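The values are calculated or read from the model by the stated rules, or taken from the named source; none is laboratory data. The structure presented is a predicted model; accordingly, all values stated were derived computationally and were not measured. Positions of Cβ are backbone-derived with ideal geometry, glycine not excepted, and every protein chain shown enters the neighbour counts. Ligands, DNA and RNA are stripped out before the accessible areas are found, and what is left, the full protein with its side chains, is counted by its heavy atoms. Shrake-Rupley method; radii C 1.70, N 1.55, O 1.52, S 1.80 Å.
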Amino acid sequence: MPLPRLNVHRHDHTTRTLITLAGEIDLATAPLVRTALAECLNDGMGITDVDLTEVTFCDASGLNAFLTASGLATEAGTILRLHHPPPIMIRIIEITGSGFLLHEVPTGRPPSRRFPSASGGAP
């Protein structure tokens, strides 16, 4: 069996955790993402930040994993935030109207209505 093309690292800080993903998120690796995010929820983490800096690919199954986890987090009264997605992932999030998943406005682009400004200021 080939090794997954995704590395998942978790760093806990009391009731907050950082999940760092590196590699491809697709049908084969999305279950790793779902499991990591579910474990954070089950462990009572109030805030789960997901660093996507090293993600090289994310398809619909990956986006679905984040959307499902976001819904479960909202129901549990916790927070899930995605940070530093690659440009192609930003575009997929924008097209699908899923901008609420992102923590900040991607740099180099003016804020749109789907991506509220992290500073709360005007564009």
Exercise for the section: Among the candidates 8, 50, single out the residue that is in contact with a Leu (Cβ under 6 Å, 6 or more places away or on another chain) and within 17 Å of residue 103 (Cβ to Cβ). Expected result: 50
Exercise for the section: For residue 58, indicate whether it is touching a Pro at 6+ places or on another chain (Cβ under 9 Å) and surrounded by 17 or more Cβ atoms within 10 Å (Cβ to Cβ). Expected result: yes
Practice task
Could you please find all residues in segment 83-95 being within 27 Å of residue 42 (Cβ to Cβ) and part of a loop (DSSP other than H, G, I, E, B)?
Solution key: 84, 85
Practice task
Please indicate, with yes or no, whether at least one residue in segment 23-39 is in a strand (DSSP E or B), of a type in the set (Gly, Ala, Ser) and more than 22 Å from residue 100 (Cα to Cα).
Solution key: yes
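For every residue, the table says whether it meets (1) modelled with pLDDT under 95; (2) closer than 15 Å to residue 25 by Cα.
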site	(1), (2)
65	no, yes
71	no, no
75	no, no
81	no, no
87	yes, yes
90	yes, yes
96	yes, no
107	yes, no
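Mind checking which residues of segment 23-32 are open to solvent by 30 Å² or more (accessible area, probe 1.4 Å) and not acidic (Asp, Glu)?
Across segment 23-32, the qualifying residues are 27, 28, 31, 32.
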Exercise for the section: Would you check if there is a residue in segment 62-82 being assigned to a strand (DSSP E or B) and open to solvent by 50 Å² or more (accessible area, probe 1.4 Å)? Expected result: yes
